[in-house]
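Data first, discussion second: the structure below is written as structure tokens.
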Amino acid sequence: MYTIPFRIKTAIAGKLLLVLASLPAHAQLLAPSRTIYKCAVAGKIAYTDVPCLGAKRLDVVPARGVDKLSGTSRVGATVAREYQQEGMARALKPLLGMNEQQYATAVRRQALDAGAQRECRALEAAIVDNECIEQLGPARDSRETLAHDTLNLRQRYHELRC
């Protein structure tokens, strides 16, 4: 089996980033958040896209329409763009090593400056670490502190539009 040399992969990836940067402005708009938070406020459950204290994170996939009822496939511009990006992600997976979700995140973050992109990656790792620690069930004293830390990280992540 033939493997592509690393220097060729990096050259192609660099050219790909130039192509992504030259996409029309409507293609670079940030996608709506697919992360929903389940919050318990005053004994009631609320679902929101804004992080809250003690929230459970839920990843959702929006419906893409009902094609099968009419027998014809009708998709809007947003769904067509998603299909195109998913196809591009599958085609570039051998070169970039990214799955569809990672590719979509990379495309969405192209609009951010380099510092914000670095901060997004650091925040993402910190949020995942905190969520893992929360699942292990920390001591009662540190549970509240951890919840506040996680909330602050999620709010910053939301502010940056990561």
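Within the stretch 113-135, residues that are under 13 Å from LEU151 (Cα atoms) have Cβ atoms under 8 Å from residues that are in a helix (DSSP H, G or I) and of a type in the set (Val, Ile, Thr) in these pairs: ILE127/THR150; ASN130/THR150; GLU131/THR150; GLU134/THR150, counting only partners at least 6 apart in sequence or on another chain. Just name the residue that is modelled with the lowest pLDDT out of those in the stretch 26-61 that are under 30 Å from ASN130 (Cα atoms) and loosely packed, with under 11 Cβ neighbours inside 10 Å. Among those that are under 30 Å from ASN130 (Cα atoms) and loosely packed, with under 11 Cβ neighbours inside 10 Å, it is PRO32.
Looking across the stretch 129-162, just one residue is at pLDDT below 90, in a helix (DSSP H, G or I), under 17 Å from ASP59 (Cα atoms) and hydrophobic (A, V, I, L, M, F, W, C), and that is CYS132.
The values are calculated or read from the model by the stated rules, or taken from the named source; none is laboratory data. Note that the structure is a prediction, hence the values are computed from the model and not measured. Cβ: placed from backbone, ideal geometry, glycine included. Neighbour counts: every protein chain shown.
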